[in-house]
Structure formats: structure tokens, C-alpha cells
Amino acid sequence: MSGPSSRLQAQVERDALKMQTHPLCGSVSIPPDNRSFFITILSAQREGRTCLPARMGLSASDFHELLQCLPPEVTGVSRFHVCSEDDLRQELLDLRRDEWEDLRDLLMAHRSHQCATETWMADVVAAGCLGGDHLWRDLGLKHRAELRDLLMQNFAPLAMRNTQDMKWKRFFYKQLCDQEGSYVCRAPSCEQCVAYDDCFGRED
Ligand code: SF4
């Protein structure tokens, strides 16, 4: 799925996002829900409670633009708590960039089209999927319900397809698996799969 066309599409989305700026300050306009999600995730990242690198999966320019849109008490703290572990996480993300792009493209293909910052959120959620814990924890959210709200807000067509309440990371990889057959599933059906408990059930 990754390739020149998806990268071109992503660039088009970013250009569109930059067009949606606040008329007075020139910053990208973020609706309240996403603003709150970004503040929660950035604060948690700086407190070491996520799997995310310092820029949370965003490019340097996009991360800089995001910081312009958030309150100084959050972005001020963010300048001082970047540690070597964050560099390592960025290196790991770079090593798995194809996988990150597949996840990001999946999210972008099912975005809600309510807000340009869905583009940033796709980058961040895709980076969270590369961690080893439940996705809501790897993003530093308070609980699984908050993750569902975030996904419904930004990627509703995709989130609504999780009718069996699969664990979210597994659900995303299952979508990639159904498309390309390369990530998760080794069994012909979930009912016959030894990994069933890894994909379904409680996530707390
Ligand atoms: S239970 Fe098995 S077949 Fe079903 S999604 Fe998980 S890994 Fe794939």
C-alpha cells in the first residue's frame, strides 16, 4: 500500500491542512476534541507514559505547527523533557517506517473528513501502534473508551467496522492482513486461531 501515490496523497492532505489556518494567528485551527486529545498525548509523552518518540510520529515541521496550536503550559514543558529514550523510539519508528506508513494510510483512507488535523492524528495513532502495550496506553490516554472516542472522531468509517470489539491494534493489523495478508493472521478464521485471546476480549 505504501508507495509514491500514497506519499503524494499524504502530502496533498498536509498541504490542505496548512490551508486551514486561524485567520488571526496563522496557526492551524484545531477543534476542541482533537485539541484535548493532542494535549493529553503530548503531556503523557513528556511524562514517559507512552511508546511515542518526542515528535509523536509527526514530521519536524508538522510537530512544530502542532506546538503552535497548543497552550504554552503544555508546549513549554514539552521543550524540556525530551530524553535519549525518545531518540531511540524515533530510530525504531524509522526502522519500521513502511509498517507505520501502512497503518497511517489505513487510517487516512477511512478518515472522518471533519477536520484537517485528522492527518496529524493518523501519524500519531500509527506511531502508537508500533508500541508493545494496548494502544490506549501507548498513546497515554486515560482508558480504552477515550481511544474509541478519538477514533470515532477522526476515523469513524474505520472505527465503526470494529463490530466484534477487537483490540484496536489487532483490528488495524487485521485490516492490513485482509488487504495484503502479511501482518497478523496465520489461521483461516478467528474461531480456529490460537491467537484468539490476543485479538479479542478485555483491554485494560
Ligand atoms: S484471532 Fe487469529 S485469525 Fe483472527 S484476527 Fe486474530 S490473529 Fe487473525
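The numbers here are math on the coordinates, done by the rules we state, and not lab data. These numbers were taken from a predicted model, which means no experiment stands behind them. Note that each Cβ is placed from the backbone with ideal geometry, even for glycine, and that neighbours are counted across all protein chains shown.
Taking the stated definitions as given, is Gly201 on the phi > 0 side of the Ramachandran plot and within 12 Å of the ligand (Cβ to nearest atom)?
yes
Just a yes or no: is a residue in segment 67-86 under 14 Å from the mean Cα position of the chain (by Cα) and within 26 Å of Tyr173 (Cβ to Cβ)?
no
Within the set of pairs 6 or more residues apart or between chains, which connect a residue that is more than 19 Å from Leu58 (Cα to Cα) inside segment 136-147 to a residue that is charged (D, E, K, R) with Cβ atoms less than 6 Å apart?
The qualifying pairs are Arg144/Glu203.
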